[in-house]
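Novice: My questions will all concern the structure given below.
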Amino acid sequence: MRGRARFGREAGLETRITRLLGIEHPVVQAGMAGGPTTPRLVAAVSEAGGLGTLGAAYMTPAAIRSAVEGIRALTRKPFAVNLFVPEPFDPSLYDPQEIGASLARYREELGVEAPGELSYVQSFEDQLAVVLEERVPVFSFTFGVPEGPHLDALREAGIVTAGTATTVREALAVEAAGVDAVTAQGAEAGGHRGTFLGPYEGGLVGTMALVPQVADAVEIPVLAAGGIMDGRGLAAALALGADGAQMGTAFLACPESGAQEGYKRVLLSATEEETTVTRAFSGKAARGLKNRFTEEMEGAEVAAYPVQNAHTRDIRAAAAKADRTEFMSLWSGQAPRLARPVPAAEVVERTVAVASKLVSNRNPERGSGA
Ligand SMILES: Cc1cc2nc3c(=O)[nH]c(=O)nc-3n(C[C@H](O)[C@H](O)[C@H](O)COP(=O)(O)O)c2cc1C
């Protein structure tokens, strides 16, 4: 039998994930590119015994290095850096005038000029070089699997790796590449879909259905992601065969999160009925809260990632600056009602306390200690 969680341990929930990552609790704060994962947030989660993750995909190598230094100034515990695996793209396939036309009204409303030279992505090689040089304890990724030599370099540097999968096929590909752990990202998840084999619609499998199928298929430890916000979710994930949970939306409203105040405000009053999967912001499917932009752009022709992302960048930035949440990408999972504006340590501690209780209460071997 696969190594299972040792349920009901007094100090918490020791699993294969806690042992692999060298952490106390099987709770990973998701890397969230675009600003939420400040060094303060990452360090707070790691200090609380979980694994904080810097969402570094949009950061320059210099900014990643300085954030890593910032995290290390705040904690000596393990943490992760998360990047997007690059995919081939060809901007010449798209007519900039056409993309510009569909976005013109937002530029006008926000007083943003048409973009000049567009920059599409940071160099993955250069970003990864910082991860390797800094010997970051854990490296996680999404949108694919890094090439063999990159994985070899990570292994040689003693860096633990974790990759995202939205189907069993992807989980097997992650495992076959020699990656140490896999995050099974269910359809409930906020942010970009990690799907890299086949169309994203095929990868929209609910967490409840995906996790046990992935857990049955792979030998490596599994993190469940998507709609997990508290101890009930963590206990459910463990019951489904996961070795831990990766949570994103649950940390967005924390005081340490760098999400804009307007984003936090909208998130904290949102309901489960209000998320949608949209390609309008970046060209890649992502789950976020509906707003004027997602509604008006529904059905519009959009370029593929990262071309669309580059075209909407200054619109999103101007909207954030002006607190115009109707034009911001408000990524959120399907359980926004469970987000709390409490310190990140409290999210970790409460999640673990409730999960430990639920798991041990339901384990007839253990009982309540009476
Ligand atoms: C604001 C936001 C940004 C995200 N950015 C990333 C990212 O940069 N890299 C990544 O691997 N996953 C990213 N995700 C997805 C998370 O890894 C995870 O799958 C998701 O948060 C789980 O669902 P939940 O939000 O319901 O907890 C992001 C999620 C959110 C909410």
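Novice: Provide the FRET efficiency to the nearest 0.05 for the residue 120-residue 323 pair, computing r from the beta carbons and using R0 = 25 Å. Before the final figure, lay out each step's value.
Specialist: Details: r = 27 Å, r/R0 = 1.10.
Efficiency, rounded to the nearest 0.05: 0.35.
Novice: Subtracting the Cα-Cα distance from 0.36 nm times the residue separation, let me have the gained length for residue 14 to residue 156 in nm, one decimal.
Specialist: Details: separation 142, 0.36 × 142 = 51.12 nm, distance 2.65 nm.
So the chain would gain 48.5 nm between residue 14 and residue 156.
Novice: Take the Cβ-Cβ distance between residue 265 and residue 74 as r, set R0 to 35 Å, and report the resulting FRET efficiency rounded to the nearest 0.05. Present the calculation step by step, with values, prior to reporting the outcome.
Specialist: On the way: r = 27 Å, r/R0 = 0.76.
Step by step, r from the Cβ atoms, then E = 0.85.
Novice: Highest GNM mean-square fluctuation, the chain, Cα pairs closer than 10 Å: which of 162, 237, 177?
Specialist: Checking each option, the largest mean-square fluctuation is seen for 177.
Novice: Here's another thing I want to ask about it. When the chain is treated as a GNM, springs tying every alpha-carbon pair under 10 Å, which of 245, 73, 44 comes out with the largest mean-square fluctuation?
Specialist: With Cα springs under 10 Å in the chain, the top fluctuation among 245, 73, 44 is at 73.
Novice: I've got another one for you. Among 242, 345, 114, which one shows the biggest mean-square fluctuation in a GNM of the chain, springs joining Cα atoms closer than 10 Å?
Specialist: Between 242, 345, 114, it is 114 that shows the largest mean-square fluctuation.
Novice: Roughly how many percent of the accessible protein surface of the range 29-181 is carbon and sulfur, given a 1.4 Å probe and a whole-percent answer?
Specialist: Numbers: 3570 of 6800 Å².
Percent of accessible area from carbon and sulfur atoms in the range 29-181: 53.
Novice: Can you report the principal axis dimensions of the chain using only the alpha carbons, biggest first, rounded to whole angstrom?
Specialist: 69, 45, 41
Novice: In the range 194-352, what percent of the accessible surface is made up of carbon and sulfur (1.4 Å probe, ligands and nucleic acids excluded)?
Specialist: Exposed carbon and sulfur together represent 50 percent of the surface.
Novice: Once the other residues with Cβ under 13 Å from the Cβ of residue 267 are scored (Lys, Arg +1; Asp, Glu -1), what is the net sum? Walk me through the intermediate numbers first.
Specialist: Values: positive: 264, 265, 287, 290, 337, 340; negative: 261, 272, 274.
Around residue 267, the charge tally is +3.
Novice: How far is it, in nm, from the label point at residue 354 to the one at residue 277 when both lie 7 Å from their Cα along the line to the Cβ?
Specialist: Between residue 354 and residue 277, the label points sit 2.6 nm apart.
Novice: Oh, and also: Just order 82-88, 328-334, 349-355 by mean Cβ neighbour count inside 10 Å, highest at the front, would you? Please list the in-between numbers first.
Specialist: Numbers: 82-88: 18.4, 328-334: 25.6, 349-355: 20.0.
With the highest mean Cβ count within 10 Å placed first, the list reads 328-334, 349-355, 82-88.
Novice: OK, next. Which residues in the range 286-303 have a backbone N closer than 11 Å to a point placed 7 Å from the Cα of residue 109 along the Cα-to-Cβ line?
Specialist: 291-297
Novice: Turning to a different aspect of this structure: As a test, work out the antiparallel percent of DSSP beta bridges whose residues both lie in the chain, rounded to the nearest 5.
Specialist: Details: 8 of 36 bridges.
Rounded to the nearest five, the antiparallel share is 20 percent.
Novice: Something else now. Give the calculated FRET efficiency between residue 177 and residue 216 to the nearest 0.05, with a Förster radius of 25 Å applied to their Cβ-Cβ distance.
Specialist: On the way: r = 19 Å, r/R0 = 0.78.
Working from the Cβ atoms, E equals 0.80.
Novice: Over the range 271-370, what per residue volume does the convex hull of the Cα atoms give, in whole Å³?
Specialist: On the way: hull volume 15.5 nm³, N = 100.
For the range 271-370, the hull spanned by Cα atoms encloses 155 Å³ per residue.
Novice: From the Cα gyration tensor of the range 99-244, with a ≥ b ≥ c the square roots of its eigenvalues, which class applies: rounded if a/c is under 1.5, or else prolate if a/b is larger than b/c, or else oblate?
Specialist: Values: a/c = 2.21, a/b = 1.34, b/c = 1.65.
Oblate.
Novice: Which number do you get for Rg(Cα) / (2.2 N^0.38 Å) in the range 1-153? Before the final figure, lay out the partial values.
Specialist: Details: Rg = 19.5 Å, N = 153, 2.2 N^0.38 = 14.9 Å.
Cα Rg divided by the expected 2.2 N^0.38 Å: 1.31.
Novice: If you roll a 1.4 Å probe over the heavy atoms of the protein chains, what accessible area per residue do you get for the chain, in Å²? Can you show the working numbers first?
Specialist: Details: 15690 Å² over 370 residues.
The answer is 42 Å² per residue.
Novice: Taking a cut-off of 24 Å between Cα atoms, list the lysines near residue 264, but don't count ones fewer than 8 places away on the same chain.
Specialist: List returned: 284, 290, 321.
The values are calculated or read from the model by the stated rules, or taken from the named source; none is laboratory data. What you see is a predicted model, and the numbers here were worked out from it, not measured in a lab. Reconstructed Cβ throughout: ideal geometry from the backbone, glycine too, with neighbour counts over all protein chains shown. Each accessible area value is taken on the protein alone, full model and side chains, heavy atoms only, with ligands, DNA and RNA left out. Shrake-Rupley method; radii C 1.70, N 1.55, O 1.52, S 1.80 Å.
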